[in-house]
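All remarks here apply to the structure that follows.
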Amino acid sequence: MRFTNKTALVTGGGGGIGSATVERLASEGATVYLMDKDANQVAETQKGLKAKGMVVNAVVGDVTQLGELQNIYDLIAQENEGVDIVVNVAGGSRAGYVTTLDPDDWDELYALNLKSTINSCRLAVEQMTREGRGSIVNMSSISGLRGDPGWAAYNSQKAAIINFTECLAWEVGQYGIRANAVCPGPIASKRMISTLPAGGGFQDAYNEACAIGRMGQPEEVAASIAFLASEDASFVTGAHLVIDGGLTARTGQPIVPPTGDN
Ligand SMILES: NC(=O)c1ccc[n+]([C@@H]2O[C@H](COP(=O)([O-])OP(=O)(O)OC[C@H]3O[C@@H](n4cnc5c(N)ncnc54)[C@H](O)[C@@H]3O)[C@@H](O)[C@H]2O)c1
């Protein structure tokens, strides 16, 4: 029960990793607010948690709209002493080559992944500074650590989230606020699995790409987020925690088995 008397906001809290994070924080005692633009997901998450005896505050809202973000922060401030934990999970991707991805798609993805994270952090810091404490966890990805053909928009925005989080950590450390990022590898959320073309062997390929031999589960990311959000990570700030079953621990070179001559 690391989050008793703590108030938390999880954006994208109706999705795979988001709802697992909501559940983890609530199960450890937090008063959790979730914000998600998908009304069905919001209702489903709330219902699922209620069945497990957890009450969460769920709001349908779009993180790309500053006014809607402001509303949820205002609501939290009205109903509590402010927010202690903010987890910015909302995000999404669209594939497209640098030369062919529509400029409007770049803007849309930028607004969703990066600008919404920045705006949410600005509002979080305003409240947390008043309280002199807080922990922010931003959602990056292993895609923010390396390049992939066809994914420049998503990857570069997730990379920017890491650097933004490092800058933020240095700006707010003096006020008792910590800011960290997480970099999940392939996580078998419903959405992730649904985007894999059927019959292409992609799930097997993802499993094999991990040293652990399988994709991760949303709950495994939620556990790492909960660690960073908690006092167990009291000296951890400006970090990005890789949660990828070892995927990026490999160079990617062809594996030439040892023969004794090489
Ligand atoms: N699944 C993976 O393999 C993986 C790996 C690395 C990083 N991530 C990141 O983790 C996050 C969650 O991924 P997921 O797999 O759980 O996906 P998901 O689609 O299940 O969750 C994303 C949630 O964000 C919500 N959302 C989207 N746009 C929004 C907006 N404008 N305002 C409010 N809510 C919005 C969606 O409705 C959805 O519920 C994303 O940021 C993703 O980039 C996922």
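What follows is calculated from the coordinates using simple rules that are stated; it is not laboratory data. Note that this is a predicted model, so its numbers are computed, not measured. We place every Cβ from the backbone using ideal geometry, glycine too, and count neighbours over all the protein chains shown.
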Exercise. In the chain, what is the volume of the convex hull around the alpha carbon atoms, normalised per residue and reported in Å³?
Worked result: 155
Exercise. Which FRET efficiency value, to the nearest 0.05, do you get for residue 68 and residue 131 by plugging their Cβ-Cβ distance into 1/(1 + (r/R0)^6) with R0 = 25 Å?
Worked result: 0.65
Problem set entry | Potential extension, residue 174-residue 98 segment - 0.36 nm per residue separation minus Cα distance | 23.4 nm
Exercise. Taking R0 as 41 Å, what's the FRET efficiency between residue 163 and residue 204 from their Cβ-Cβ distance, rounded to 0.05?
Worked result: 0.75
For this session: Starting from the amide H of residue 246, placed 1.01 Å from N in the peptide plane, find each other amide H under 5 Å away whose residue is 5 or more places distant or on another chain.
Result: 211
For this session: Work out the charge dipole of region 7-242 with +1 on the Cβ of Lys and Arg and -1 on the Cβ of Asp and Glu about the Cα centre, then indicate which of 129, 176, 213 is farthest towards its positive end.
Result: 213
For this session: List every DSSP H helix in the chain whose Cα atoms extend 15 Å or more along the helix's own long axis and whose mean Kyte-Doolittle hydropathy is at least 0.5.
Result: 218-229
Seminar exercise, completed: Expected unfolding gain across residue 59-residue 250 under the 0.36 nm per residue rule, minus the alpha-carbon gap, is 64.7 nm
